[in-house]
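Asks: Before I ask anything, here is the structure I am working with.
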Amino acid sequence: MNEFYEHIFQKQQAVQDMPSNKQIAQWAIALMHLLFPERNSHTYHEQADVEAAFQVSEAELYQLLLKTKACSECDVKKVAQTFFEKLPTVYQIMLTDAQAILDGDPAAKSLNEVIRTYPGFLAICIYRIAHELLIQGIPLIPRILTEYAHSKTGIDIHPGARIAEYLHIDHGTGVVIGETCIIGKHVKLYQGVTLGALSVDKSFSDTQRHPIIEDHVIIYAGATILGGETTVGHHSIIGGNVWLTASVAPYTTVYHQPNSKFYDSKPLA
């Protein structure tokens with residue numbers, strides 16, 4: 001057993017002082033609360049107080065990047081600074097996502113309701129924060145953030161996916177968006193949609209493995225779209241429970257033909 005205990009001890013030493021996944025997620029949620037006070041209001045008496053709060057958040061990000069030791073060759077201070085310089089742009093994109101949900105869901109009554117209550121909005125916001133860190137070369141933390149959102153919402157978005165503005169995820173539970181997926185503007189996804197990869201060898205990890213969804217596409221519940229050579233053309237509609245591994249042209253409607261038969265509006269036994 002001594003060898004086993006020594007092995008565990010060495011691992012404990014290696015991660016000592018490393019921030020927990022919970023701490024990393026709390027930083028992102030606190031940033032969301034700062035951006036969207038509708039979610040958790042805090043009293044600021046002057047604009048300078050808000051500016052100071054963002055400076056605190058930047059300092060916290062710097063410490064997280066430093067202590068995770070995941071990117072030994074990165075200038076983590078520069079990464080944190082660049083992230084916050086780009087934050088106004090990211091914020092504007094988050095607002096387009098909220099607007100897309102409000103415009104696309106008849107049940108949504110206000111932006112305030114979307115921002116406070118919709119799991120799709122939470123998952124997209126966390127993804128957008130994680131993606132900005134990932135494209136600056138930060139490993140691990142982006143995935144921790146999106147897996148946190150996954151655990152809270154059931155929506156699994158890989159931080160490497162490239163998603164344009166005005167994404168609407170309706171309901172959301174069971175949605176999967178893979179690492180190399182590309183999604184255009186004004187795309188609407190319902191619950192249970194999978195934008196995934198066909199089973200490939202590990203050596204294909206750097207290739208386009210997930211589908212491309214062009215602008216103004218609607219994909220209904222339970223649809224599965226797989227493969228890096230699969231493109232859904234703009235303004236297409238993919239019906240519920242469709243299994244799709246080939247491209248479709250723009251303005252195409254694809255639907256799953258059920259086998260259910262009805263008699264007097266009741267399914268046959």
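Asks: With the condition kept exactly as written, say whether any residue in the stretch 146-154 is crowded, with 24+ Cβ neighbours inside 10 Å and either aromatic (Phe, Trp, Tyr) or assigned to a helix (DSSP H, G or I) (or both).
Replies: yes
Asks: Moving on to the next point. I'd like to check something: does the stretch 48-56 contain any residue that is under 24 Å from the mean Cα position of the chain (by Cα) and under 22 Å from Leu87 (Cα atoms)?
Replies: In the first step, residues of the stretch 48-56 are kept if they are under 24 Å from the mean Cα position of the chain (by Cα); the result is 54.
The next check asks that each one be under 22 Å from Leu87 (Cα atoms); those that pass are 54.
Yes, there is a match, as at least one residue in the stretch 48-56 is under 24 Å from the mean Cα position of the chain (by Cα) and under 22 Å from Leu87 (Cα atoms).
Asks: Collect the residues in the stretch 68-85 that are more than 18 Å from Ala28 (Cβ to Cβ) and not in a helix (DSSP H, G or I), keeping them in residue-number order.
Replies: Once the filter is applied, which keeps residues that are more than 18 Å from Ala28 (Cβ to Cβ) and not in a helix (DSSP H, G or I), the stretch 68-85 yields Lys69, Ser72, Glu73, Cys74, Asp75.
Asks: Against the conditions (1) within 22 Å of the chain's Cα centre (by Cα); (2) at positive phi, where does Asp17 fall short? Just the number, please.
Replies: Tallying (1) within 22 Å of the chain's Cα centre (by Cα); (2) at positive phi, Asp17 fails exactly one: (1).
Asks: Being of a type in the set (D, E, K, R) and more than 26 Å from Asn21 (Cβ to Cβ) is the filter; apply it to the stretch 47-84 and report the residue that is modelled with the highest pLDDT.
Replies: The extreme case among them is Glu51.
Asks: Within the stretch 114-123, is even one residue under 10 Å from the mean Cα position of the chain (by Cα), within 20 Å of Gly222 (Cα to Cα) and assigned to a loop (DSSP other than H, G, I, E, B)?
Replies: No, every residue in the stretch 114-123 fails to be under 10 Å from the mean Cα position of the chain (by Cα), within 20 Å of Gly222 (Cα to Cα) and assigned to a loop (DSSP other than H, G, I, E, B).
Asks: Something else now. Name the pairs whose Cβ atoms lie under 7 Å apart, with the first residue in the stretch 105-131 and under 14 Å from Ile29 (Cα atoms), the second open to solvent by less than 40 Å² (accessible area, probe 1.4 Å) and of a type in the set (Asp, Glu), and 6 or more positions between them or separate chains?
Replies: The qualifying pairs are Phe121/Asp97; Ile124/Asp97.
Asks: If you scan the stretch 210-249, which residues turn out to be closer than 13 Å to Gly192 by Cβ, assigned to a loop (DSSP other than H, G, I, E, B), free of Cβ contacts under 8 Å to residues at least 24 places away in the same chain and open to solvent by less than 20 Å² (accessible area, probe 1.4 Å)?
Replies: Gly239, Val242
Asks: Return a yes/no flag: does the stretch 178-200 have any residue that is in a loop (DSSP other than H, G, I, E, B), touching a Cys at 6+ places or on another chain (Cβ under 6 Å) and buried (at least 17 other Cβ atoms within 10 Å of the Cβ). Walk me through it before giving the result.
Replies: Here is the first cut: in the stretch 178-200, the ones in a loop (DSSP other than H, G, I, E, B) are 178-181, 184-187, 190-193, 197-200.
Then drop every residue that is not touching a Cys at 6+ places or on another chain (Cβ under 6 Å), which leaves none.
Looking for residues that are in a loop (DSSP other than H, G, I, E, B), touching a Cys at 6+ places or on another chain (Cβ under 6 Å) and buried (at least 17 other Cβ atoms within 10 Å of the Cβ), one finds none in the stretch 178-200, hence no.
Asks: Just one of the numbered conditions (1) over 29 Å from Thr153 (Cα atoms); (2) open to solvent by 70 Å² or more (accessible area, probe 1.4 Å); (3) part of a loop (DSSP other than H, G, I, E, B) is not true of Ser203; which one?
Replies: Every condition holds for Ser203 apart from (3).
Asks: Pick from the stretch 10-54 the residues that are polar (S, T, N, Q), surrounded by 11 or more Cβ atoms within 10 Å (Cβ to Cβ) and out of contact with any Leu (no Cβ under 8 Å at 6 or more places or on another chain): which of them is nearest to Ile126 (Cα to Cα)?
Replies: Out of the qualifying residues, it is Gln26.
Asks: Any idea which of Leu111, Leu167, Leu122, Leu102 is out of contact with any Cys (no Cβ under 8 Å at 6 or more places or on another chain) and either open to solvent by 50 Å² or more (accessible area, probe 1.4 Å) or at pLDDT below 95 (or both)?
Replies: One residue alone meets the criteria, Leu111.
The values are calculated or read from the model by the stated rules, or taken from the named source; none is laboratory data. Note that the coordinates shown come from a computational prediction; the quantities given were computed from them, not determined experimentally. Here the Cβ is made from the backbone with ideal geometry for all residues, glycine too, and neighbour counts use every protein chain on show. Heads up: the accessible areas ignore ligands, DNA and RNA and are worked out on the full protein's heavy atoms, side chains in. Shrake-Rupley method; radii C 1.70, N 1.55, O 1.52, S 1.80 Å.
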